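Here's the structure we're looking at; comments come further down.
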Amino acid sequence: MALSEQFFEADDLHPIDLVEHIAEHHDWEFDRIADDQIAMAVEGQWKTYSVTLAWSAYDETLRLICTFEMEPPEERMGAVYEILNGINDMCWAGSFTWWAEQKMMVYRYGLVLAGDQIAGPEQIDTMINVAVQSCERFYPAFQLVTWANRAPADALQIAMAEAYGRA
């Protein structure tokens, strides 16, 4: 059954209500932080990612952040910033940024719904899945640069395409 088949009056649903239903559908752990914000834990192959979605009525944007902790050594920060630039060139929906104070790698995406537009459940589910898939795709490259002292260009080679299966 498609996610949208569960919602007949989607016009009346708040975007975060939809996210909550999607989290329940996938059996993800979640916490409804406020009326306009929800946080979830989504299990990946490499990590469990923290995914937060927040609705901003001010600019009519559904904001998604997907984070994972990283503690790169100070001497590798130049390489981390270099690979971030290369990775963001490969991302069409969303981008990565480094939050140094929190020691977190962050994937960010904003879905603008100006003019009373409505996000459908499949659209929101895709947003979340793309965020987690992007983190999964690039996590090994971040690790190679951070801990194996690999050059960013070499580490990016591992993330050129989606991996299938396990080694």
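The values are calculated or read from the model by the stated rules, or taken from the named source; none is laboratory data. Keep in mind it's a predicted model, so treat the numbers as computed, not measured. In this analysis, Cβ positions are derived from the backbone assuming ideal geometry, glycine residues included, and neighbour counts consider all displayed protein chains. Side chains included, ligands, DNA and RNA excluded: accessible areas come from the protein's heavy atoms. Shrake-Rupley method; radii C 1.70, N 1.55, O 1.52, S 1.80 Å.
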Could you tell me the distance between the Cα centroids of region 36-76 and region 79-135, to the nearest Å?
-> 8
Measure nothing fancy, just the Cα-based angle from helix 121-147's long axis to the longest principal axis of the chain, in degrees from 0 to 90, nearest 10.
-> 10
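Among the chymotrypsin sites (Phe, Trp or Tyr not before Pro) in region 43-88, which ones are in a DSSP loop with at most 11 other Cβ atoms within 10 Å of the Cβ? Mind listing them?
Qualifying residues, ordered by number: TYR58.
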Rounded, prolate or oblate: which fits region 75-150 when a ≥ b ≥ c are the square roots of the eigenvalues of the alpha-carbon gyration tensor, with rounded for a/c under 1.5 and prolate only if a/b beats b/c?
-> prolate
Rounded to 10°, Cα long-axis angle of helix 77-90 versus longest principal axis of the chain = 50
Give me the net charge of TYR107's neighbourhood, meaning all other residues with Cβ under 13 Å from the Cβ of TYR107; Lys, Arg count +1, Asp, Glu -1.
-> +3
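Given all pairs of different Cα atoms, what value in angstroms does the Kirkwood hydrodynamic radius of region 59-101 take?
Computed over Cα pairs of region 59-101, the Kirkwood hydrodynamic radius comes out at 12.2 Å.
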How far is helix 15-26 tilted off the main Cα axis of the chain, in degrees rounded to 10, range 0 to 90?
-> 70
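Note down the net charge around ASP89, summing +1 for each Lys or Arg and -1 for each Asp or Glu among other residues with Cβ under 15 Å from its Cβ.
Net charge around ASP89: 0.
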What trypsin sites (Lys or Arg not before Pro) does region 79-150 have in DSSP loop regions with at most 16 other beta carbons within 10 Å?
-> LYS103
Of the GluC sites (Glu not before Pro) in region 58-152, those whose Cβ has at most 15 other Cβ within 10 Å and which sit in DSSP loop = GLU60, GLU101
Per the 1.4 Å probe, what fraction of the accessible area of region 30-167, in percent, lies on carbon and sulfur atoms?
-> 49
Rg to Rh for the chain: what is it, with Cα atoms only and Rh by Kirkwood?
-> 1.00
